[in-house]
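Colleague: Take this structure first; my questions come after.
A short reminder: the numbers here are calculations on the coordinates, not readings from a lab. The structure displayed is predicted, hence computed values, not measured ones. Here Cβ is always computed from backbone atoms with ideal geometry, including for glycine, and neighbour counts include all displayed protein chains.
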Amino acid sequence: MQRVLMKGNEAIAEGAIRAGCRGFFGYPITPSSEIAEYMARKMPTIGGVFVQAESELAAINMVYGGAATGARVMTASSGPGISLKQEGISFLAEGELPCLIVDICRGGPGLGGIQPSQADYFQATRGGGHGDYYIIVLAPSSAQEMMDLTMLGFELADKHRTPVMLMAEGTLGNLIEPVLVRDEVTEFVDKPWAITGCLGRQPNIVNTLHMPVEQLQTRNQHLTEKYQAIRSQEIRSEEFLTEDADLILVAYGIMARIAKKAVMNARSLGIKTGLIRPITLWPYPYGVVNKIAQTCKAMVSIEISTTGQMIEDIKLATAGKVPIHYIGEIARTPNPEEITQQLLVIAAKEGLI
Amino acid sequence: MKRVYNLKQEVEKPPRLTGGHRLCAGCGAGVVVAGVLRALNKEDRAVVTNATGCLEVSTFMYPYTAYMDSFIHSAFENSAATCSGVEAAYNALKRRGKVEGTVKFITFGGDGGTYDIGFQSLSGAMERGHDMVYVCYDNEAYMNTGIQRSSSTPRFARTTTSPVGAKNQGKKQEKKDLTDIMVAHNIPYVAQTAPLGNFKDLHTKAYKAIYTEGPCFMNVLSPCPRGWDYPMAKLAEIIKLAVDTCVWPLFEVEEGVWHLSYMPKRKLPVEDFLRPQGRFRHMFEQGNEWMIEAAQAYVDQRWERLLERSGA
């Protein structure tokens with residue numbers, strides 16, 4: 001495997017190509033545009049397709065069309081663009097069409113800014129569009145993981161016939177780091193459901209309109225069971241020094257790396273601190289957070305968001321077992337020392353120092 | 001409505017787009033917007049609506065504004081709809097005698113926000129007949145996000161999503177003819193113009209568009225030194241070449257009647273316009289002569305059609 005310096009956004013694009021993605025449907029938006037630019041250069045040289053749509057709405061519906069044929073296809077955008085795509089994502093979920101949607105987050109609401117953010121957590125993990133559905137959400141924390149989780153995303157999408165979202169902060173999209181370039185994926189699951197022209201077989205149908213009551217109920221029941229299966233099989237998280245910890249930080253994406261350093265800082269100041277890093281934001285590692293809540297004294301959600309969004313999942317997971325604190329602001333990636341200072345205040349409040 | 005144009009007199013009016021905005025040196029957009037707003041009568045007020053883009057992030061970075069008039073921006077795809085809402089509310093207030101004086105409604109969008117993602121809301125606003133002017137400052141690509149192709153990018157132009165390499169020679173498709181499409185909306189006034197020479201063409205068309213009742217549309221060429229890759233000081237020269245090669249003819253359509261605004265004394269070959277720009281550099285490489293021929297044939301065909309329509 002080759003080790004090269006890559007921008008996070010480029011690692012996503014290269015990872016997708018190596019995962020067999022041959023259809024990219026994009027629309028420019030900062031800070032995600034490098035993904036489309038990389039695909040525009042690369043796709044024509046490998047027999048793939050790059051299409052620049054006239055809007056995010058068009059791009060996500062191109063994904064719908066491409067995914068229906070069974071091809072590995074994707075799109076990439078950022079917060080405001082993802083909002084526009086939500087109608088299409090709802091249709092993709094109901095059509096059970098596997099695809100990858102990348103969200104390189106910037107601050108909102110509204111036009112917000114172009115600085116990094118994790119404030120798309122709600123629209124990513126709560127379905128985002130209309131109807132009863134979830135999509136798998138993966139949160140990488142390095143350029144390497146931008147590549148690796150992109151490849152995993154395609155695999156999970158095909159395995160469960162579901163759209164998968166890769167969600168990362170603008171910081172990570174534009175961060176240049178060494179990346180071990182993974183081998184090309186050569187084995188793919190069969191897609192007997194794909195719309196490929198029904199010569200010699202019964203027609204396949206991908207449909208999202210179910211007018212009879214029982215039909216819609218059966219469909220939603222089927223989806224509910226699928227989501228249950230994903231919950232039982234696909235939860236991924238990482239723990240760091242949680243065994244003896246009194247104070248547990250919970251952070252994902254680039255914040256998890258920064259929080260890790262803050263854990264070490266706090267430990268050197270005598271506060272037994274640990275970290276839980278959710279890798280799948282949906283399905284959320286409720287079990288892990290709940291287990292650790294039985295042994296720790298307090299938890300802190302650290303997010304690049306002012307209101308705090310993941311904190312609601314921590315509250316659901318802990319069910320009032322421990323007090324939950326919050327550190328976070330929008331549009332700024334805090335450094336470990338700043339977090340350590342805030343942890344000292346929380347630790348004092350909780351009687352941990 | 002006939003007024004004698006005097007540049008000196010016009011520039012002595014207090015500017016409606018003030019200096020100190022953050023647009024690049026050599027960018028056409030600031031010149032276009034200042035030129036359009038200058039056409040407002042001194043005593044009239046305006047509401048400026050702006051689609052997301054270079055212009056928006058450079059002229060209205062809250063809490064700063066370069067506009068002397070009211071300004072509203074919401075998202076990328078909806079500036080014409082936003083302007084429709086403001087205009088409709090104004091009419092309601094006016095009917096009830098709650099606002100005084102004349103307020104004009106002017107929307108600015110780049111080609112991305114006009115030809116592509118904002119086209120639906122533009123078409124809707126024009127069809128409903130709001131008393132507004134939509135001004136497209138056309139720089140032929142998504143410049144604000146780093147020079148990606150748009151449906152306004154001309155064939156062969158290099159952008160980051162229509163790259164030049166072994167498999168690709170810039171954009172494959174011809175530029176969408178938005179001015180024509182807007183004429184097909186049967187609105188009272190459509191104009192194609194550019195900030196040329198003493199700005200008379202831009203000024204008189206902006207005045208007509210602003211003071212004609214009903215929906216009006218202006219498509220204004222707005223070169224971009226970063227995306228088109230020309231030296232900053234060459235802005236005026238590039239515009240002149242676009243017009244004199246008939247790549248960007250100046251014309252207007254009033255109540256369905258076509259009128260050519262400018263007949264070049266000598267129609268220059270299209271390569272005169274292409275050569276100074278880095279985005280067309282590959283067209284001058286050996287073996288690519290056919291590209292220049294194709295570009296010339298396209299311009300000639302469009303120009304002949306325009307001459308026919310305008311009876312020039």
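Colleague: Most exposed first by the Cβ proxy, i.e. fewest other Cβ within 10 Å, how do B:W258, A:W282 rank?
Modeller: Ranking B:W258, A:W282 by Cβ neighbours within 10 Å, fewest first, gives B:W258, A:W282.
Colleague: Another one. Calculate how steeply helix B:289-310 sits against the longest principal axis of the alpha-carbon atoms of chain B, using the helix alpha-carbon long axis, and give the answer as 0 to 90 degrees to the nearest 10.
Modeller: 40 degrees
Colleague: Viscosity 1.002 mPa s, temperature 20 °C: what is the translational diffusion coefficient of chain B from Stokes-Einstein with a Kirkwood Rh over Cα pairs, rounded to a whole number of µm²/s?
Modeller: 108 µm²/s
Colleague: A further question on this structure: Using modelled backbone amide H atoms (1.01 Å from N, in-plane), which distant-in-sequence or interchain residues come within less than 5 Å of A:L249's amide H?
Modeller: A:G274, A:L275, A:I276, A:V300
Colleague: With only alpha-carbon atoms in the gyration tensor, what are the semi-axes of the equivalent ellipsoid for the stretch B:1-87, in Å, largest first?
Modeller: Semi-axes from the Cα gyration tensor: 23, 17, 11 Å.
Colleague: Please arrange B:D44, B:D131 by counting, for each residue, the other beta carbons lying within 10 Å of its beta carbon, fewest first.
Modeller: B:D44, B:D131
Colleague: For chain B, what does the relative contact order come out to in percent, with C-alpha contacts under 8 Å and a separation of six or more?
Modeller: The normalised contact order for chain B reaches 16 percent.
Colleague: For a paramagnetic label modelled at 7 Å from the Cα of A:R219 toward its Cβ, which residues of the stretch A:125-146 fall within the zone defined by backbone nitrogen distances under 15 Å?
Modeller: A:130-134
Colleague: While we're on this one: In degrees between 0 and 90, to the nearest 10, how far off the longest principal axis of chain B does helix B:28-38 point, with axes built from Cα atoms?
Modeller: Helix B:28-38 sits roughly 30 degrees off the main axis of chain B.
Colleague: Most exposed first by the Cβ proxy, i.e. fewest other Cβ within 10 Å, how do A:L275, B:L307 rank?
Modeller: Listing A:L275, B:L307 from fewest to most nearby Cβ atoms yields B:L307, A:L275.
Colleague: Mind putting a number on the dipole of the stretch A:238-349 about its Cα centre? Charges go on the C-beta only, +1 for Lys and Arg and -1 for Asp and Glu, and I need it in Debye to the nearest 20.
Modeller: 140 debye
Colleague: Additional query: Per-residue counts of other Cβ atoms within 10 Å, averaged by peptide: what ranking do you get for B:160-167, A:140-147, highest first?
Modeller: Result, highest mean Cβ count within 10 Å first: A:140-147, B:160-167.
Colleague: Same structure again: If you fit an axis through the alpha-carbon atoms of helix B:119-128 and take the longest principal axis of the Cα set of chain B, what angle between them do you get, 0 to 90°, nearest 10?
Modeller: 40 degrees
Colleague: Which whole-Hz couplings ³J(HN,Hα) result when phi for each residue of the stretch B:11-24 is put into the Karplus expression 6.51 cos²θ - 1.76 cosθ + 1.60, θ = phi - 60°, listed in order with x for Gly and Pro?
Modeller: For the stretch B:11-24, the Karplus-derived couplings read 6, 7, 5, x, x, 9, 10, 8, x, x, 6, 9, 5, 5 Hz, x marking Gly and Pro.
Colleague: Of all DSSP beta bridges located in the protein assembly as shown, what percent are antiparallel, nearest 5?
Modeller: 30 percent
Colleague: Ok, one more. Express the relative contact order of the stretch A:160-315 as a whole percentage, based on alpha carbon pairs under 8 Å and six or more residues apart in sequence.
Modeller: Taking the mean separation of contacting Cα pairs over the length of the stretch A:160-315, I get 22 percent.
Colleague: Still on this structure, I have one more. Among DSSP bridges having both ends in chain B, what percentage is antiparallel? Round to the nearest 5.
Modeller: Close to 30 percent.
Colleague: Could you list, in their original order, any pairs among A:K7/A:K321; B:K167/B:K267; B:K176/B:K267 whose Cα atoms are separated by more than 32 Å?
Modeller: Check vs 32 Å cut-off fails for A:K7/A:K321; B:K167/B:K267.
Colleague: Report, ordered by chain and residue number, the aspartates and glutamates lying within cross-link reach of A:K315, taken as a straight Cα distance under 15 Å and ignoring same-chain residues fewer than 8 apart.
Modeller: Cross-link targets: A:E303.
Colleague: Which whole number gives the average count of other chain Cβ atoms within 10 Å of the Cβ atoms across peptide B:158-168?
Modeller: 5
Colleague: Given springs between every Cα pair under 10 Å in a Gaussian network model of chain B, which of B:Y142, B:Y115, B:Y207 has the largest fluctuation?
Modeller: Taking springs between Cα atoms under 10 Å, the residue moving most is B:Y207.
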